Amino acid sequence: DQAITRWNIRYSFYDKRIYVPIYDKGEMVQYVARKSWNYPLDGAKRYIYIKGNPITKYLLGWGEAKNWDRLTLVENTFNAIWLRDLKVATNFGSHLSKEQISKIVSSKAKSVALLWDEGAATETEKAIKALHREGIRAAYLDFPGQPDNYPIEVLEDMCNITHQVALADKSKKVSWNKV
């Protein structure tokens, strides 16, 4: 599959995890290792990372994403891979760190849209305010569920509308109830 090759995704039969490497400036600096969907967790953590190097310093595929005129962020690594053609990256959860914000500020993004999972409203508001303080036009989409509950065509509409709102600087929240 092209995504497996493009992202250098690996599967470990030893620990039944899917590994996605994270690169910064061409160097592998971290990875996301997720337990397989069909494999019981047996008390193991679903996600693991390299210790001592916080994942919150990075954005998946930043080498390419920093050159986009619009950036959409989702929480989930695999949603970001699936939606890459919509200019989607992940920040690995519902939080933006100072390092991630700094990367976005130094990028070519004219607008940022957050499509974080349902239930992350407080964190999303904080992230939008932090981006606005740095002069980044940003908005978020308030919608039920998470991105992988929707067909890609609907997600494309969600992204487009949220970026339009961000660029118009009218509001920071877009409510989506077209389910």
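Observations
- The residues of region 138-155 that are under 24 Å from Gln100 (Cβ atoms) and either over 17 Å from the mean Cα position of the chain (by Cα) or part of a helix (DSSP H, G or I) (or both), listed by number, are Pro147, Asp148, Leu155.
- If only residues of region 45-64 that are in contact with a helix residue (DSSP H, G or I) (Cβ under 6 Å, 6 or more places away or on another chain) and open to solvent by 50 Å² or more (accessible area, probe 1.4 Å) are counted, the one that is modelled with the lowest pLDDT is Tyr49.
- Restricting attention to region 89-107 and to residues that are aliphatic (A, V, I, L, M) and within 17 Å of Ile55 (Cβ to Cβ), the residue that is surrounded by the most Cβ atoms within 10 Å (Cβ to Cβ) turns out to be Ala89.
- Residues that are closer than 17 Å to Thr90 by Cα and either at pLDDT below 90 or crowded, with 16+ Cβ neighbours inside 10 Å (or both), drawn from region 5-18: Arg6, Trp7, Ile9, Ile18
For every residue, the table says whether it meets (1) touching a strand residue (DSSP E or B) at 6+ places or on another chain (Cβ under 6 Å); (2) open to solvent by 10 Å² or more (accessible area, probe 1.4 Å).
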{"residue": "Leu71", "(1), (2)": "yes, no"}
{"residue": "Ala80", "(1), (2)": "yes, no"}
{"residue": "Ala109", "(1), (2)": "yes, yes"}
{"residue": "Gly119", "(1), (2)": "no, yes"}
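- Some residue of region 29-44 being outside any loop (DSSP other than H, G, I, E, B) and touching a helix residue (DSSP H, G or I) at 6+ places or on another chain (Cβ under 7 Å): yes
- Residue identified as small (Gly, Ala, Ser) and under 14 Å from the mean Cα position of the chain (by Cα) among Ser97, Ser102: Ser97
- Asn67, sole failed condition from (1) assigned to a loop (DSSP other than H, G, I, E, B); (2) over 13 Å from the mean Cα position of the chain (by Cα); (3) at pLDDT below 95: (3)
- Every test in (1) surrounded by fewer than 17 Cβ atoms within 10 Å (Cβ to Cβ); (2) under 12 Å from the mean Cα position of the chain (by Cα) is passed by Asp42 save one, and that test is (2).
- Flag if Arg70 is touching an Asp or Glu at 6+ places or on another chain (Cβ under 9 Å) and farther than 16 Å from Arg34 by Cβ: no
- Selection over region 156-176 of residues that are outside any helix (DSSP H, G or I), surrounded by fewer than 16 Cβ atoms within 10 Å (Cβ to Cβ) and either charged (D, E, K, R) or in contact with a Lys or Arg (Cβ under 6 Å, 6 or more places away or on another chain) (or both) gives a count of 3.
- Within region 74-102, the set of residues being part of a helix (DSSP H, G or I) and in contact with a helix residue (DSSP H, G or I) (Cβ under 6 Å, 6 or more places away or on another chain) comprises Asn79, Ile81, Leu86, Glu99, Ile101.
- Entry remark, region 127-147: residues being surrounded by 14 or more Cβ atoms within 10 Å (Cβ to Cβ) and within 15 Å of Val74 (Cα to Cα) number 10 in total.
- Pairs are defined by a Cβ separation below 9 Å, a sequence spacing of at least 6 or placement on different chains, a first member in region 10-27 that is on the phi > 0 side of the Ramachandran plot, and a second member that is outside any strand (DSSP E or B) and open to solvent by 30 Å² or more (accessible area, probe 1.4 Å); the pairs so defined are Lys16/Tyr39; Lys16/Ala44; Lys25/Gly63; Gly26/Gly63.
The values are calculated or read from the model by the stated rules, or taken from the named source; none is laboratory data. Just so we're clear, the structure is a prediction, and the values are computed from it rather than from any experiment. With ideal geometry, Cβ positions are generated from the backbone for all residues, glycine too; neighbour counts draw on all protein chains shown. With ligands, DNA and RNA removed, areas are computed over all heavy atoms of the protein, side chains included. Shrake-Rupley method; radii C 1.70, N 1.55, O 1.52, S 1.80 Å.
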